[in-house]
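Single-structure report; data block below.
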Amino acid sequence: MNEMILISIYIFVLAIFIGFEVITKVPPLLHTPLMSGSNAISGITIVGAILSTGMGHSQLATILGMLAVISATINVVGGYMVTDRMLGMFKKDKKQEAK
């Protein structure tokens, strides 16, 4: 059991370093599309949270899984809202086109 926790912490720390290095190398022009894409990928966390909620291990696990479902849903919906707002900035204004 302790080995699994240590391996999980090791993978988590490596993911933090890799994520930091990848994000710092992305040009500023691509930050918003990258953020939108990563929010869409966050939909996977909803699936994981639903699975963890439905396992029925304990009541605490079910409550934490439900909180994870809510948090992941807020993240995904917020990501789509930001993407929609960003794409709206690139649309031409119809009033200016009519003149």
Revision key, fill the gap. Under the rule rounded for a/c under 1.5, else prolate if a/b exceeds b/c, else oblate, using alpha carbon gyration tensor axes a ≥ b ≥ c, segment 1-51 is classed as oblate
Review point. From the square roots a ≥ b ≥ c of the eigenvalues of the alpha-carbon gyration tensor of the chain, which class results: rounded (a/c under 1.5), prolate (a/b over b/c), or oblate?
Key: oblate
Check your understanding: If you plug each phi of segment 10-22 into the Karplus form 6.51 cos²θ - 1.76 cosθ + 1.60 with θ = phi - 60°, what whole-Hz ³J(HN,Hα) values come out, in order, with x for Gly and Pro?
Key -> 4, 5, 5, 5, 4, 5, 5, 5, 5, x, 5, 5, 5
Point to revise | Helical mean residue ellipticity (222 nm; -39500 (n - 2.57) per DSSP H run of 4+; nearest 500) of the chain | key: -28000 deg cm²/dmol
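Every number here is computed from the coordinates shown, using simple stated rules; none is lab data. Everything numeric here is computed off the predicted structure, so don't read it as measured data.
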